[in-house]
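Input: a single structure, listed below in structure tokens.
Please treat every number below as a calculation from the coordinates, not as lab data. Note that the coordinates shown come from a computational prediction; the quantities given were computed from them, not determined experimentally. All Cβ positions, even for glycine, are placed from backbone atoms using ideal geometry, and neighbour counts span all protein chains on display.
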Amino acid sequence: MSLLGPFAALGTSVCWSFTSTFFTLAGRRVGSMVVNRTRLVLAVIFLMLTHWALQGSLFPWQAAPERWFWLGLSGIVGLVMGDALLFQSFIWLGPRLSMLLMSLVPVISALFAWILLGERLALWQIVAIFITVGGVASVILDQKGNNAAIVSGKAYLLGILFGLGGAFGQAAGLIAAKKGLADNFSALSGTLIRMFVAMIVLWGMTFLMRQGQETLRRLREDVKAFQFLIAGAFFGPFLGVYLSLVAVQATQVGIASTLMALPPIFLLPISHFVFGERIGARAVAGTLVAIAGVAMLLLV
């Protein structure tokens, strides 16, 4: 098995660990909706400059309509709808339970890939996926210092449903991206198309709701938050999403999405040193289990 896809997926997890930290710091200052809107604009700027430097054009206008459809659909489902559901789940459930639900993405992705793309996983690959997801889930459940309010009743149920919706959105976005990247289409061009469509849709909704001026005002008034957003956009929607498309193009979706589900593992030291969270013994054990699952995917 080629290691390009798996290592790109691991790189995606590292990038998303950094970006979640920067976006958390920015979101606490200007709000999650401002973060969601601004990150896409910054990512498109980064991607266009990189596309110009590496491929000689600012934008892949020559892409076939079918690629625009699948990559655009991937952006709308994953970056607009899926992330919107996930952010609302954070509000109702807090990060611990929401991220636990997102750890189901590899299972959902593998199921979608089996039904829609005809991908088959060997028995050891299936075992490795469930070992990795189990380790991630164990780490998340052992997180200390969760400050989210305890909710019950309707809000709790809605949080569960929105969290599952976010997981399905991310999984469906990966499947659509896989189809859009068929025949070795440039992952950089595919990332730019995906991000551009998501930006147009999200900002179109923003202006329809007459929230554009408020978003720009908050950014002008908080320079520190804008700096966090630039760093987060570089590691997440730019580099992280690019590596995620390299991963799904170069390896099976089930394997790629499993390795991309590791940010909770990489966030352990960040959570401890940046946010002051305590790390329990079960979190350490879960980390070792997840690493064992990753090793199975990479080495067997």
**Q.** Segment residue 275-residue 161, length gained on full extension (0.36 nm per residue, minus Cα span)
**A.** 38.3 nm
Q: Set the Förster radius R0 to 45 Å, insert the Cβ-Cβ distance between residue 292 and residue 154 as r into 1/(1 + (r/R0)^6), and round the FRET efficiency to 0.05.
A: 0.70
Q) For the peptides 15-24, 62-71, what is the packing order when you average, over each peptide's residues, the other Cβ atoms within 10 Å and list the highest mean first? A) 15-24, 62-71
Q: Restricting things to alpha carbons, tell me how big segment 76-137 is in terms of Rg and Dmax, in Å.
A: 13.7, 38
Q) Which whole number in µm²/s is D for segment 4-299 by Stokes-Einstein, with the Kirkwood Rh taken over Cα pairs at 25 °C and 0.890 mPa s? A) 127
Q: With a length cut of 20 Å (Cα positions projected on each helix's long axis) and a Kyte-Doolittle mean of at least 1.6, go through the chain and give me the DSSP H helices that pass.
A: 123-141, 187-208, 281-299
Q) Roughly how big is the chain's charge dipole about its Cα centre, with Cβ charges of +1 (Lys, Arg) and -1 (Asp, Glu), in debye to the nearest 20? A) 560
